[in-house]
Structure formats: C-alpha cells, structure tokens
Amino acid sequence: MAQTAKITLDPRVEAFLAGGPKKLFIGGEFVASASGKTFDTIDPATGEAITSVYEADAIDVDLAVQAAEKAFATDWAKVTPSERGRMLWKLADLMEEHAEALAQLETIDNGKPITHARFADVALAIDHFRYYAGWSTKLAGEVINNSAGRNMLTYTRREPIGVVGQIIPWNFPLLLAAWKLGAALATGNVVILKSAEQTPLSAIYLAELIQQAGFPDGVVNIITGYGPTAGAAITNHPRIRKVAFTGSTEVGKLIMQQAAGNLKRVSLELGGKSPNIIFPDADFSRAIPGALMGIFFNQGQVCCAGSRLFVHKKVYDNVLADMTSYAAKMKQGNGLDESTEIGPLVSSEQFERVTGYLQKGHEEGATSLTGGAPLEGPGYFVPPTIFADVNERMTIAREEIFGPVVAAMPFDDEEQVADVIRRANDTEYGLAAGVWTTDLRKAHKVAHALEAGTVWVNCYNALDAAVPFGGYKQSGYGREMGSYALDLYTQVKAVWVNLD
C-alpha cells in the first residue's frame, strides 16, 4: 500500500480535537456524562486513538428528554415556521463555512477518502438542511367536505410528534444526522440524537454549529454512547414518542421489540444485499464504473451497496476482466491523502467481520479475481475484492458483508427477464437495486418488478434530498428524504366545528 503525504489539518479540526474528552450536548450546553465515563474514538487508518468522548447512559438520556420537553413546551413552541426555516438555512450556511473541517473530521473518524467526504457527505448534508428549510412553511392540512351536516366544518392539522429519538450509524455519520434532523426540525419536533460510538466527532462538531444557528436550548440534544446502554435508553424511554434508526436489520428488530413497551412510532432504514444487473445491451462505459462505484464507494460500507452483481453470460467474462483490472489499480490508503480512492474499514470489529466473509467465500468455493485477503500493517484495510464462481446459496451471496466485496454471478436471459428478476428478488432484503440496459422497455419492466425501495437505471448511488429513500421487506420501512419523510414526524389531527 503506497504511502504519500497527508493533507494539512484545518486549524479548526486541530482546535476541536485538542483538550479533554468531547462532551455531550444537552439543553444547549456541553456537559460531561453523569457517570463521568469516557471512551476513545479510533482512527481506522492507524488503529490509534484520536481523542476521547463522554459515554452517555440512561441518566443522560433522561436529562436530554427533560430538556427537550421543556423546549417543546416553551421556546420552540413560540418559533414560527418561517423562523424554523431560517434556522435550518443558517445551519446549512455555517456548515458550508466549516465544510473542510467537517470533511476532515469525517475522514479521520470514519476512514473514508477526503474527496468522498467533501463531495458526498458534507455537500449532501448541507443541501439536505436547505431542502427541509423550505418545507417548514409548507406543512398543510385540508378542509374536508363531510356528510354530518351543512354547517359542520371539518379540517385537519399536521402537528409535530414531540420528543423524537434518533440513532444514526457510523458509515455516513454527518449525512445521516442531517437525514434525521432535517425533517424532524422542519416539522417542529425536538430531538435526542445518538451518534454511533465508532464515529462521534462530526455530530459533536455539528452541535456547536446548531448552537450558533440560534436553535433554542434543548431543541437538539446530541449524545455519544453505546447501543446497548444509551441506544436502549432512547428506545425504552416512555416519553420519547418516536424513534428513527438507521443500521443493521438485526438491531432494527431489537429496537422494534424495545419500542413496543410504550407503542412509540418507529421508522427503520436497515440492511441490504442489493442486486446490480448488467444486460448485454448496456453501455459498458457507464455500467462498469457504475458497478464499481456501487460496491466500492465508502469501502463497501453502504446499506444499498450493489453487492450481488448479475451479468449476462454473453458479456460476463469481459465485464469482470475490466472491473478486475480497474479494482486492482485503485489507490488504497489513509483517507487524508487526496489521491486515496478507498480507505480503511471503520473499526477492528468491522475488519474482523469482513475478513471472515472473505475466508468463508474461499471455503465455499468462490474465486477472488482481485483482493480476497486483508492488507498487512496498521489500520483496518481490506482491498477491493471481486468474487467469481459464486452461486446463490453461498454465504457471500446471501448475507450483508458491508465491505468492499462483490459476488458476481452470470445469468442467461435472452428474450425474457423473469429469471434474473426472480434471482434478484430472492433475498430477505429490499433496499435498492441497479439495472444497466439501453432498452427503455426492458429498463422499466425490470425496475417495476424488482422488490426494492430504490431502483437505479443506468446509474447507481444517485441521491437527492427531494427523492425518498427506504426499504422493502427486512430492509425496513418508512422513507427518508422528500415530502415522504414529513409523514414520519407529524401526526394528523381532525377538527370538527359545529357552526349551528
């Protein structure tokens, strides 16, 4: 693995990382956890500690709920929709001013290439807050004609739920914080957001910008801690009315069980094992780099990664040869190197998980055309891996690996596409899918038949704040982004007025 000079750290990053443990953000103040416990956050490129953060527990969650409830009933209740929108827009402006610092923190904490952090994580997060700033003034009910009487007026109101708990993952810490906060704040809710323990830094930095943007104390509370303690305290808390979670399907099921205690509303964006289908009439100048990005972007640590690659047998060998050639040349290294294309995995636990799947793939008879074994040295590096000779019963073709590993399988559908659709849908997941073809009729037919919340045709990983995102089957339910996300954070009240 080649080593080159890293970029110079932004002075704001150096200042942020200096000093003692990073504190929780509760009630508009940065405070130590009630227990005083801390934990280290690790640089995945080196395996060394970056800094430490305070570890929240149930007591801290309850303090955050108290602060949120107070804000919801007082200062936040007085803020008009227009003012809410201006605060969200101001937050986006501040993020733009601090964009390089946010990108560097994301890269240091998560490992992703700095170029990706800039154009994807930070840029999309800024755009997300601006999009929902516009929605603040556009929430509307309706007047409904009824048959109860000529002088009976009925209308509806869309009202905020109240105290909302949000739990975000480590693969896109800043962006998914924005996905959660944008719609919740635009609709007038108050939030307790828990960052992933592996990547807490950008959320804490964001808390400073939220404070500067003028949000009343207690409207947004950000805590750092572990899932079984702080996360469970959020899902079990009787006065948190709704919980939003992005993460694994396994944890999503646990959250549903915990939330059942007080019937809090739940929205889940969970795992995936997404099919990416390349037909023989595809434009390969787009399909091949698109398939590569579909699996190797963010080191494959993407819930919608195109990890099951179906390629028509006519072009299977050529497509895999081209993909293998490019993947073998990808520059892997520290994410702070401007030339890095693929960084380390986020943690030692994730490194062990992915390398275990590499071993399992070989044991079950798959052939790695490139990669296939971890890299030696410091940090948690796994090279881009392409497995051929895969059948659909193999573990690497069934289970979510969440790493830079693709299982490539040929298919033979000359006139009909029913078989590849069946194979693509033969999974418990249904988050996303990709289709590559120049046949417009085929593209729509396949897109409509695939059981997935998002289908990309002749592209992959395209996202926009206005377009909904979420899963079918065990990939969760509820939709992030677009107008659909407003439904997650509002409740409808019907009002009857007798005018007689």
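The values are calculated or read from the model by the stated rules, or taken from the named source; none is laboratory data. Since we're looking at a predicted model, the values are computed, not measured. Glycine gets a Cβ as well: all are built from the backbone with ideal geometry, and neighbour counts include every protein chain shown. Accessible surface areas use protein heavy atoms only, side chains included; no ligands, DNA or RNA. Shrake-Rupley method; radii C 1.70, N 1.55, O 1.52, S 1.80 Å.
For region 67-150, the fraction of 1.4 Å probe accessible surface lying on carbon and sulfur atoms is 55 percent. Of the trypsin sites (Lys or Arg not before Pro) found in region 383-471, the ones in coil according to DSSP and having at most 14 other Cβ atoms within 10 Å of their Cβ are Arg393.
A cut-off under 12 angstrom between Cβ atoms defines the neighbours of Thr229, and their net charge, with Lys, Arg +1 and Asp, Glu -1, is -2. Straight-line reach from Lys70: taking Cα to Cα under 20 Å and skipping same-chain neighbours fewer than 8 places apart, the aspartates and glutamates in range are Glu29, Asp60, Asp62, Glu83, Glu159, Asp217. Provide, for region 275-457, the number of lysine pairs with alpha carbons under 29 Å apart, each pair being eight or more places apart or on different chains. Qualifying lysine pairs in region 275-457: 10.
With a cut-off of 15 Å between beta carbons, the residues surrounding Pro468 carry a summed charge of -2, where Lys and Arg count +1 and Asp and Glu -1.
Considering only DSSP beta bridges with both partners in region 275-457, what is the antiparallel share in %, to the nearest 5?
On the way: 3 of 23 bridges.
The antiparallel fraction comes to roughly 15 percent.
The angle between the Cα long axis of helix 173-186 and the main principal axis of the chain comes to about 30°, on a 0 to 90 degree scale. Normalised by the number of residues in region 285-392, the average gap of Cα pairs under 8 Å and 6 or more apart makes the relative contact order 22 percent. Taking the chain as the reference, fit the longest principal axis to its C-alpha atoms, fit the long axis of helix 58-73 to the helix C-alpha atoms, and give the angle between the two in degrees, 0 to 90, nearest 10. Tilt relative to the chain: about 50 degrees.
What does the charge add up to near Ser52, with Lys and Arg as +1, Asp and Glu as -1, over the other residues with Cβ less than 14 Å from its Cβ? Please report the intermediate quantities before stating the final value.
Details: positive: Lys22, Lys23, Lys37; negative: Asp40, Asp43, Glu48, Glu55, Asp109, Glu197.
That works out to -3.
Of the trypsin sites (Lys or Arg not before Pro) found in region 313-365, those in coil by DSSP whose Cβ has at most 15 other Cβ atoms within 10 Å are Lys313, Lys314, Lys329, Lys331.
Checking the a/c ratio against 1.5 first, then a/b against b/c, what shape does the Cα gyration tensor give for region 275-457? Provide the component values of the computation, followed by the final result.
On the way: a/c = 1.81, a/b = 1.62, b/c = 1.11.
Here region 275-457 falls in the prolate category.
Per residue, the chain exposes an accessible area of 40 Å² to a 1.4 Å probe, with every protein chain left in place. Here Lys138 is the anchor, and the lysines within straight C-alpha reach of less than 23 Å, apart from those fewer than 8 places off in the same chain, are Lys78, Lys90, Lys180, Lys242, Lys493.
Considering only the chain, what is the antiparallel percent among its DSSP beta bridges, to the nearest 5? Bridges in the chain that DSSP calls antiparallel: roughly 40 percent. Which FRET efficiency value, to the nearest 0.05, is calculated for His448 and Trp496 with the Förster distance at 56 angstrom and r the Cβ-Cβ distance? With a Förster radius of 56 Å, E is 0.85. Which angle from 0 to 90°, rounded to the nearest 10, does the C-alpha axis of helix 440-449 make with the longest principal axis of the chain? Roughly 60 degrees between the two axes. Our helix-only sum for the chain, with -39,500 (n - 2.57) per DSSP H run of n ≥ 4 divided by its residues, gives a mean residue ellipticity at 222 nm of -10500 deg cm²/dmol.
Let me know the shape class of the chain, please: from the alpha-carbon gyration tensor, a ≥ b ≥ c as square roots of the eigenvalues, rounded when a/c is under 1.5, otherwise prolate if a/b is greater than b/c, or oblate. Display every interim value, and only then the final one.
Working: a/c = 2.00, a/b = 1.29, b/c = 1.55.
Oblate is the answer for the chain, as a/c is 1.5 or above yet b/c matches or exceeds a/b.
Once the C-beta distance of Tyr226 and Glu399 is scaled by a Förster radius of 22 Å, the resulting FRET efficiency is 0.35 to the nearest 0.05.
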